[in-house]
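Asks: Submitted below is the structure of interest, expressed as structure tokens.
The values are calculated or read from the model by the stated rules, or taken from the named source; none is laboratory data. Fair warning: this is a prediction, and the values are worked out from it, not measured in the lab. Every residue, glycine as well, gets a Cβ built from its backbone with ideal geometry; the counts of neighbours run over all protein chains shown.
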Amino acid sequence: MSEGRSRIDTLRLRAEMALSRGEAGTGRLDAATAADLSELLHELRVYQAELNIQNQELIASRQAEESVRRRYQLLFSALPLSAFVVDDRGIIEEANDTAARLFGFRSTRTLRQHSLLRLILDGGGVNLMQRLRGVGADTEEGPLYLLFRAHDGATLHVEVYLCALPSDYHLDSRFLVLCLDRSADDELSRTRNIFKTLLDNSDSWIYAFDPQGRCLLANQALLRFLRRSDAEVIGHRRDEWLPAEDADQHAQNDALVMSNRKAILYEEKVHEPGLEVRYYLSNKFPLVGDAGEIIGVGGITNDITESRQKDIRLELAAQVYRSGREGIVITDAEQRIISVNNAFSQITGYEEESVLGEKPSILASGRHPESFYAGMWRAINASGRWAGEIWNRRKSGEVYPEWLSISRVSGANDEPTHYIGVFSDITHRKMAEEEIERLAFYDSLTGTPNRYLLHDRAAQAIRAAERRGKSFAVVFIDLDRFKAVNDVFGHAIGDEVLREVTKRIQQRIRDSDTVCRLSGDEFVLLLDDLNHAQIDCRAAALVEAIGEPMTIGTSEVSVSASIGIALYPHDATAFDELLKQADMAMYQAKSGGRNGWRYFNDEMARSASERLVIEFDLRRAIVNEEMTLRYQPQMELASGRITGVEALLRWQREDGSHVPPDRFIPIAEESGQIIELGRWVLEQAVAARKQWLDEGHKHFVVAVNVSFVQFWRDDFVDEVRTTLARHGLPGELLEIELTERVAMGEPELAVRMMRTLKGLGVRLSIDDFGTGYSSLSYLNTMPIDALKIDRAFIRNIGLESSDEAICRTIIQLAGTIGIGTIAEGVETPHHLAFLAQNGCTAGQGYLFAHPLFGCDLPAELMRRGVTAPGHRSHGRQAPVASHSVQAEE
Ligand SMILES: Nc1nc2c(ncn2[C@@H]2O[C@H](COP(=O)(O)OP(=O)(O)OP(=O)(O)O)[C@@H](O)[C@H]2O)c(=O)[nH]1
């Protein structure tokens with residue numbers, strides 16, 4: 001076959017060449033043999049057969065090609081995408097049905113030969129052309145987004161893909177343009193944007209959680225509250241940002257919504273650390289999938305803390321209203337009661353039903369005049385409120401004080417709509433106030449005004465007197481020796497005496513006068529507008545009334561009073577000054593013998609200022625060595641021997657003037673300077689006595705006066721002990737003279753202290769005996785060695801007075817309890833004879849010796865021969881007939 005083939009090929013080749021030279025039919029072929037012809041024929045037949053076969057193959061190929069083309073066409077038109085085939089100018093050669101539908105053309109034919117560019121808006125055609133030029137067969141470019149206008153004018157958002165078609169398809173470039181309509185996608189995204197904007201602009205928290213509690217959605221309000229980004233919240237569980245307890249509660253609520261498949265309204269709480277609890281109202285609803293399955297829970301939550309707090313406040317206010325202790329009454333604009341609370345009913349006794357519609361004036365007590373209520377309403381109308389004390393009447397008829405505040409409630413046009421009255425019953429407060437005032441301004445024992453109220457009253461009296469050109473008297477009353485009343489009868493009876501005295505004073509003054517208990521046993525009266533004679537009369541009546549014996553319990557007590565009087569405006573115009581003057585006058589009355597009255601005068605003022613000078617000068621008297629001691633011998637009457645010397649304090653000022661002890665000692669006692677003075681005296685006397693002892697003068701004592709002020713100091717006994725020890729003086733050579741006042745203070749304690757002193761060997765005597773009120777019952781228990789009879793009694797011996805009897809009694813009393821007596825102020829032989837006769841043990845006075853300088857004493861002792869042994873004795877002695885006395889001064 002192949003051999004035949006090649007021959008045919010050769011043959012054909014020769015034929016072709018002959019043909020091309022124009023030799024065909026020239027006979028050259030004739031030269032061919034029949035064999036050759038037959039062969040050629042065969043060849044031709046084969047060739048024809050061959051051609052037939054080729055033709056059949058071609059037809060088959062054409063058919064296949066047509067089938068492919070039809071398939072392509074079908075594919076092209078059935079494509080769900082809009083597809084165009086365009087040339088390089090954008091002219092549409094083909095378009096499929098989808099494209100015709102998308103762009104609103106009835107058939108694809110209408111589209112063909114149109115420029116695709118004419119459908120494109122906003123210059124997008126330029127972009128398309130650029131792409132077309134650039135696109136190659138194997139280039140891949142991303143989509144082009146173009147706006148198209150459809151045939152009906154609608155705008156389409158189209159995603160465009162380009163693809164160059166193989167060039168052998170057409171001679172010129174052809175492109176496949178695929179269009180994807182994204183208009184619907186845009187709609188979705190727009191809708192999504194709208195929703196997102198709505199969500200994010202909402203102040204409510206809007207969120208969704210899946211059934212596992214993971215956050216699916218959270219709007220900006222929630223993110224802001226959580227202070228987290230979207231990424232930190234979405235997909236996370238709420239226990240990552242809420243306190244565990246709250247997260248748990250919220251999740252439980254979600255679970256209930258999902259299991260019930262219905263929306264539920266919750267009040268939820270969030271405890272922000274370190275902050276107050278916040279309250280939220282959450283509307284939670286189930287999220288349901290397409291198949292009806294629960295895919296989570298959605299929620300809208302609002303912060304209701306403020307309104308909740310408002311509710312709480314309202315509830316509290318309602319509670320206060322309901323159960324507060326203050327009565328509340330609410331009226332309408334016409335003042336008709338529309339509501340009252342429980343406290344109102346409790347305080348007034350009226351139940352709510354019985355007062356509704358009534359006016360609050362049903363409570364009026366009748367104690368206030370009309371003008372009071374008019375003033376109240378004026379204030380309410382002017383300022384919207386009034387508050388003050390008011391007396392009202394309870395249903396029971398009882399009138400009581402209340403503190404009431406009334407407020408006006410106004411409407412939009414400022415017209416009153418309601419009035420609210422809030423009141424409290426101040427009965428107890430008023431009582432307490434009165435009690436406080438009573439305690440503050442009145443004396444609790446006698447009920448009279450005290451010194452504070454006195455000043456107030458005095459100021460009023462001064463103003464009134466000034467206005468009317470009148471006078472008034474300040475009367476200072478001090479009971480005499482009231483201390484003794486307490487000592488003898490006890491404090492309780494003393495109190496009763498003070499009450500009784502008050503009553504008696506009150507009975508003797510007018511209502512317009514004032515009586516005040518200033519302190520202790522001191523009273524001050526303000527007597528209005530009386531002349532001298534009337535004041536005298538009033539003072540006499542007072543002295544007499546107070547002096548009347550009084551029976552208290554089973555005791556009969558008598559007191560007297562000393563009264564001092566100062567006059568406004570004669571003596572002074574300031575009350576303090578008047579009071580001081582009346583006090584001075586009272587002292588004057590005391591020193592004038594008590595139980596009487598004195599008017600203030602300038603002389604008193606002078607002595608008061610002198611007193612101040614003394615007090616001032618006393619301060620430097622010791623330092624300046626203005627004080628000295630004199631020693632006055634005390635003689636044993638039986639033997640005439642000196643058995644003691646009394647140390648007497650003398651004060652000679654720098655200018656040479658003498659201040660008598662009875663002037664400065666009381667002042668020193670009052671100012672406390674007596675302590676220093678007394679210490680100095682003790683020191684000097686003990687030192688002097690020790691010196692005399694060292695000089696050989698053994699048997700007499702040195703007597704030192706000790707003031708009650710000094711005696712009652714805690715360190716007094718120690719002071720005596722150390723002074724004796726320091727100088728090495730035996731206690732037996734020191735005698736301490738105490739006044740009756742010492743013994744009267746606290747007798748038991750005084751006795752104990754005296755015993756301690758006695759333990760030091762010291763002798764004790766009671767000075768000026770008979771001038772005070774010694775408690776005789778204690779006298780017996782006191783470890784004293786002698787009583788000193790005051791010179792006032794001695795002075796009157798032989799003058800037909802009762803003082804002789806007193807002297808005798810004292811001597812006998814001392815004898816009875818086995819102690820001695822020393823008479824002071826023995827100045828005449830007659831005195832001496834009387835005393836010796838009546839058994840007095842010893843005496844001192846000018847009759848024996850004047851007080852001597854310390855340095856002169858030894859000579860005197862020598863002269864009297866008392867250096868020989870001889871003790872002061874306590875027993876009775878035979879009287880001394882006579883003494884020759886050498887006066888020192
Ligand atoms: N029972 C009683 N005694 C009081 C009261 N207040 C003070 N006293 C006493 O009254 C006495 C007043 O004494 P004074 O005025 O200093 O002295 P006195 O004994 O009255 O002597 P003269 O005033 O000098 O006459 C003191 O003993 C006080 O303790 C009181 O309220 N009740």
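Asks: Please state which one of Glu544, Glu522 is surrounded by fewer than 20 Cβ atoms within 10 Å (Cβ to Cβ), within 19 Å of Tyr599 (Cα to Cα) and within 16 Å of the ligand (Cβ to nearest atom).
Replies: Numbers: Glu544 fails: within 16 Å of the ligand (Cβ to nearest atom).
Answer to the selection: Glu522.
Asks: Checking the condition within 16 Å of the ligand (Cβ to nearest atom) and in contact with a Cys (Cβ under 6 Å, 6 or more places away or on another chain), which residue from Thr502, Thr448 passes?
Replies: The conditions single out Thr448.
Asks: Also, quick follow-up: Would you be able to tell me the number of residues in region 403-426 that are aromatic (Phe, Trp, Tyr) and farther than 12 Å from Ile330 by Cβ? So that I can check it myself, show each step before the final result.
Replies: Of the residues in region 403-426, the ones aromatic (Phe, Trp, Tyr) are 403, 419, 423.
Pick out the ones that are also farther than 12 Å from Ile330 by Cβ and you get 403, 423.
The qualifying residues number 2.
Asks: Scan Leu146, Leu198, Leu188 and give me the residue that is surrounded by fewer than 18 Cβ atoms within 10 Å (Cβ to Cβ) and closer than 30 Å to Asp97 by Cα.
Replies: Leu188
Asks: A follow-up question, please. What number of residues in region 561-588 are outside any helix (DSSP H, G or I) and under 16 Å from Phe523 (Cβ atoms)?
Replies: Qualifying residue count, region 561-588: 6.
Asks: Scan region 576-607 residue by residue and report those that are of a type in the set (D, E, K, R) and more than 16 Å from the ligand (Cβ to nearest atom).
Replies: To start, the set of residues in region 576-607 that are of a type in the set (D, E, K, R) comprises 576-577, 580, 583, 590, 594, 598, 602-603, 606.
Correct list: Asp576, Glu577, Lys580, Asp602, Glu603, Arg606.
Asks: Looking at region 297-318, is at least one residue within 30 Å of Leu226 (Cα to Cα), at pLDDT 95 or above and touching an Asp or Glu at 6+ places or on another chain (Cβ under 6 Å)?
Replies: So far as region 297-318 goes, yes, one or more of its residues are within 30 Å of Leu226 (Cα to Cα), at pLDDT 95 or above and touching an Asp or Glu at 6+ places or on another chain (Cβ under 6 Å).
Asks: Related question: Could you check how many residues of region 477-499 are of a type in the set (D, E, K, R), near the ligand (Cβ under 9 Å from one of its atoms) and within 25 Å of Arg538 (Cα to Cα)? If you could, list the steps in order and put the result at the bottom.
Replies: Taking region 477-499 and keeping what is of a type in the set (D, E, K, R), we get 478, 480-481, 483, 487, 495-496, 499.
Now restrict to residues that are near the ligand (Cβ under 9 Å from one of its atoms): 478, 480-481, 483, 487, 495-496.
If we keep only those that are within 25 Å of Arg538 (Cα to Cα) as well, we get 478, 480-481, 495-496.
Adding up the residues that qualify gives 5.
Yes/no matrix, rows are residues, columns are (1) assigned by TED's automatic domain parsing to the domain that holds Asn450; (2) over 55 Å from the mean Cα position of the chain (by Cα); (3) within 16 Å of the ligand (Cβ to nearest atom):
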site: Ala533; (1), (2), (3): yes, yes, no
site: Asp536; (1), (2), (3): yes, yes, no
site: Ile552; (1), (2), (3): yes, no, yes
site: Ile563; (1), (2), (3): yes, no, yes
site: Ala574; (1), (2), (3): yes, no, no
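Asks: Which ones in region 445-478 are at pLDDT below 95 and of a type in the set (Asp, Glu)?
Replies: Residues satisfying the conditions are Asp456, Glu466.
Asks: Could you check region 45-95 and list, in sequence order, the residues that are among the polar types (S, T, N, Q) and surrounded by 14 or more Cβ atoms within 10 Å (Cβ to Cβ)?
Replies: Once the filter is applied, which keeps residues that are among the polar types (S, T, N, Q) and surrounded by 14 or more Cβ atoms within 10 Å (Cβ to Cβ), region 45-95 yields Ser77, Ser82.
Asks: Could you list, ordered by first residue, the pairs with Cβ atoms under 6 Å in which the first is in region 483-497 and without any contact (Cβ under 8 Å) to a residue 12 or more places away in the chain and under 12 Å from Met550 (Cα atoms) and the second is more than 8 Å from the ligand (Cβ to nearest atom) and not in a helix (DSSP H, G or I), at least 6 apart or interchain?
Replies: Close Cβ pairs satisfying both conditions: none exist.
Asks: Next question, about the same structure. Counting only residues that are closer than 20 Å to Phe664 by Cα and modelled with pLDDT of 80 or more, how many does region 594-609 have?
Replies: 2
Asks: Given the criterion surrounded by fewer than 20 Cβ atoms within 10 Å (Cβ to Cβ), at negative phi, β-branched (Val, Ile, Thr) and assigned by TED's automatic domain parsing to the domain that holds Ser519, identify the matching residue among Ile462, Ile426.
Replies: So the residue among Ile462, Ile426 that is surrounded by fewer than 20 Cβ atoms within 10 Å (Cβ to Cβ), at negative phi, β-branched (Val, Ile, Thr) and assigned by TED's automatic domain parsing to the domain that holds Ser519 is Ile462.
Asks: Quick one: what pairs do we get from region 799-826, first residue surrounded by fewer than 21 Cβ atoms within 10 Å (Cβ to Cβ), second among the polar types (S, T, N, Q), C-beta under 7 Å, 6+ apart or different chains?
Replies: These pairs meet every condition: Asp803/Asn796; Arg808/Asn838; Ile817/Asn780.
Asks: Right, here's the next one. Is it true that Gly411 is on the phi < 0 side of the Ramachandran plot and either without any contact (Cβ under 8 Å) to a residue 40 or more places away in the chain or within 16 Å of the ligand (Cβ to nearest atom) (or both)?
Replies: yes
Asks: Another question, if that's okay. Only residues that are within 16 Å of the ligand (Cβ to nearest atom) and out of contact with any Phe, Trp or Tyr (no Cβ under 9 Å at 6 or more places or on another chain): list them for region 505-519, please.
Replies: Ser519 - this is the single residue of region 505-519 that is within 16 Å of the ligand (Cβ to nearest atom) and out of contact with any Phe, Trp or Tyr (no Cβ under 9 Å at 6 or more places or on another chain).
Asks: Continuing with the same structure: Against the definition (part of a strand (DSSP E or B) and not hydroxyl-bearing (Ser, Thr, Tyr)), how does Val257 come out, yes or no? Give the derivation first.
Replies: Values: part of a strand (DSSP E or B): no; not hydroxyl-bearing (Ser, Thr, Tyr): yes.
No, not satisfied.
Asks: If you don't mind, another one. Out of all the residues in region 248-261, is one or more among the polar types (S, T, N, Q), in contact (Cβ under 8 Å) with a residue 40 or more places away in the chain and either on the phi > 0 side of the Ramachandran plot or surrounded by 14 or more Cβ atoms within 10 Å (Cβ to Cβ) (or both)?
Replies: no
Asks: Could I ask something else about it? Against the condition in contact with a helix residue (DSSP H, G or I) (Cβ under 6 Å, 6 or more places away or on another chain), within 12 Å of Val422 (Cα to Cα) and outside any strand (DSSP E or B), how does Arg325 come out, does it pass?
Replies: Details: in contact with a helix residue (DSSP H, G or I) (Cβ under 6 Å, 6 or more places away or on another chain): yes; within 12 Å of Val422 (Cα to Cα): yes; outside any strand (DSSP E or B): yes.
So Arg325 fits the description; yes.
Asks: Sticking with this one: Out of Arg630, Arg663, which single residue is of a type outside the set (A, V, I, L, M, F, W, C) and closer than 27 Å to Gly564 by Cα? Full working, then the answer.
Replies: Numbers: Arg630 fails: closer than 27 Å to Gly564 by Cα.
Sole residue among the options that is of a type outside the set (A, V, I, L, M, F, W, C) and closer than 27 Å to Gly564 by Cα: Arg663.
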